[in-house]
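Below is one structure, written out as structure tokens; comments come after it.
The values are calculated or read from the model by the stated rules, or taken from the named source; none is laboratory data. Since the model is a prediction, treat every value here as computed from it, not as a measurement. Cβ placement follows ideal geometry from the backbone for every residue including glycine, while neighbour counts extend to all protein chains displayed.
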Amino acid sequence: MNSSLRAAFRAAFHRDPHGVWASPGRVNLIGEHVDYAGGLCLPLALPHCTVVAAASRDDGKLRLRSWHRDAQPWDGAIDTVGPGHPPGWAAYPAGVMWALGAPAGGLDLLVGESVPPGAGLASSAALECAVSLAVDALCGLGLAATTAGRAQLAAACRRAENEVVGAPTGGMDQLASLCCIPEHALLLDCRDHTMRHLPLNLRAAGLNLLVADTGAPHRIVDGEYAERRRSAELAAAALGVPNLREAASHRIAELTDPVLRRRARHVVSEITRVQAVVALLEAGRIGDIGPLLNASHASLRDDLEVSSPELDDVVDAACAAGALGARMTGGGFGGSALILVEQRATPTVARAVGAHRCFTVL
Ligand code: GLA
């Protein structure tokens, strides 16, 4: 793989790359649409990575290429990069250079194999994070060597997405991509920015975690995600708290607007569900988290209204076929569902949701 990417880099830029870097996508076990409200989330890394080959330049230019059919090449000066520019996919890698303060004098970059885009599996973050690792190495920043440094890289990637791309995402995906370790979920506390790795011994428990892509593209730059985030901010302001993490559940009833009330109820109840899942994981009872996954999906579907008919169908089909629990994962409005299933029931459940679009994460 690396050798074909290196060869493609040579063909595109008539020089050798200085290296190849990769960063994974994620699924979120639970804690959805709470990162931007100071909540708790529990993502884990996917086996799928986005891979980039890169070489530095010293003339202030960026040349960006991708293997992907729809991704137009982009050449431009680093000092033209900023909010809203460049347009399209180039905003992600260019935005990362911008957010890191353009420490390199320029960059040639080719994106190779990647996390499936539009599947709600954090393909944008995987691209940003792979670019940040390339810049870190090429410029000798040394940030990738420590957890604190990786959190700094993740913050820069999030700024690129929020300010240059213009997607108001919450930061879970970038931290997951840069800080997850194998066979563990990452407990992220988005209030105090602490992280903890929790072992996920699925195989020992006779379980599988599946991801099923509905094939219905998920879109995060359009207005719905931003609207949910805005509702969380409005609800917090109405309750006089800095964010919904600080809102006690009994206070949600004080919100007079029914839509705001439902959306706030999702955030507050989801944070409680994350705490319950963490307690079960710590007690070695991962097989018992299924009902909490189902409750999370119901809340995302009914209270936050970010599911889709395709996601509901996959979740219902999985549960009807004997899954222990299932829920949509990621931003919603399409994308993927995750399914917790006993190993012996895996073939039946995978068949029920359409095995061709289903893969095992753990
Ligand atoms: C997207 C965003 C994240 C998070 C999830 C929902 O993946 O990038 O910040 O808000 O949606 O949990």
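Some values worked out for this structure:
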{"read-out": "Answer from Thr329, Thr346 - the residue that is more than 13 Å from the ligand (Cβ to nearest atom) and either closer than 13 Å to Ala212 by Cα or not assigned by TED's automatic domain parsing to the domain that holds Asp257 (or both)", "value": "Thr346"}
{"read-out": "Residues that are in a loop (DSSP other than H, G, I, E, B) and under 30 Å from the mean Cα position of the chain (by Cα), drawn from the range 7-26", "value": "Pro17, His18"}
{"read-out": "Out of Gly330, Gly287, Gly335, Gly325, sole residue that is surrounded by fewer than 21 Cβ atoms within 10 Å (Cβ to Cβ) and not charged (D, E, K, R)", "value": "Gly287"}
{"read-out": "Helices (runs of 4 or more DSSP H) fully within the range 189-302 counting 2 or more residues that are farther than 20 Å from Gly170 by Cβ", "value": "258-282, 290-302"}
{"read-out": "Test result for Ala321, closer than 22 Å to Ile286 by Cβ, in contact (Cβ under 8 Å) with a residue 60 or more places away in the chain and outside the structural domain of Pro24 (by TED's automatic domain parsing)", "value": "no"}
{"read-out": "Selection within the range 44-61 - under 26 Å from the mean Cα position of the chain (by Cα) and more than 13 Å from Val115 (Cβ to Cβ)", "value": "Leu44, Ala53, Ala54"}
{"read-out": "Within the range 312-362, tally of residues that are in a helix (DSSP H, G or I), of a type in the set (S, T, N, Q) and under 11 Å from Leu207 (Cβ atoms)", "value": "2"}
{"read-out": "Residues (in contact with a strand residue (DSSP E or B) (Cβ under 7 Å, 6 or more places away or on another chain) and closer than 21 Å to Gly140 by Cα) located in the range 41-63", "value": "Val51, Val52, Ala53, Ala54, Ala55, Ser56, Arg57, Gly60, Lys61, Leu62, Arg63"}
{"read-out": "Index of the failed condition, Val306 passing every other in (1) closer than 24 Å to Gln343 by Cβ; (2) in contact with an Asp or Glu (Cβ under 8 Å, 6 or more places away or on another chain)", "value": "(1)"}
{"read-out": "Count of the range 40-81 residues which are without any contact (Cβ under 8 Å) to a residue 60 or more places away in the chain and of a type in the set (S, T, N, Q)", "value": "3"}
{"read-out": "Single match in Thr80, Thr50 (criterion: over 30 Å from Arg265 (Cβ atoms), within 16 Å of the ligand (Cβ to nearest atom) and either assigned by TED's automatic domain parsing to the domain that holds Asp302 or among the β-branched types (Val, Ile, Thr) (or both))", "value": "Thr50"}
{"read-out": "Qualifying position, being away from the ligand (no atom under 15 Å from the Cβ), buried (at least 22 other Cβ atoms within 10 Å of the Cβ), closer than 30 Å to Glu270 by Cβ and aliphatic (A, V, I, L, M), among Ala99, Ala90", "value": "Ala99"}
{"read-out": "So Asn162, is it more than 13 Å from the ligand (Cβ to nearest atom) and either modelled with pLDDT of 95 or more or under 14 Å from the mean Cα position of the chain (by Cα) (or both)", "value": "no"}
{"read-out": "Number of positions in the range 166-216 that are within 14 Å of the ligand (Cβ to nearest atom), in contact with a Gly (Cβ under 6 Å, 6 or more places away or on another chain) and farther than 25 Å from Thr147 by Cα", "value": "0"}
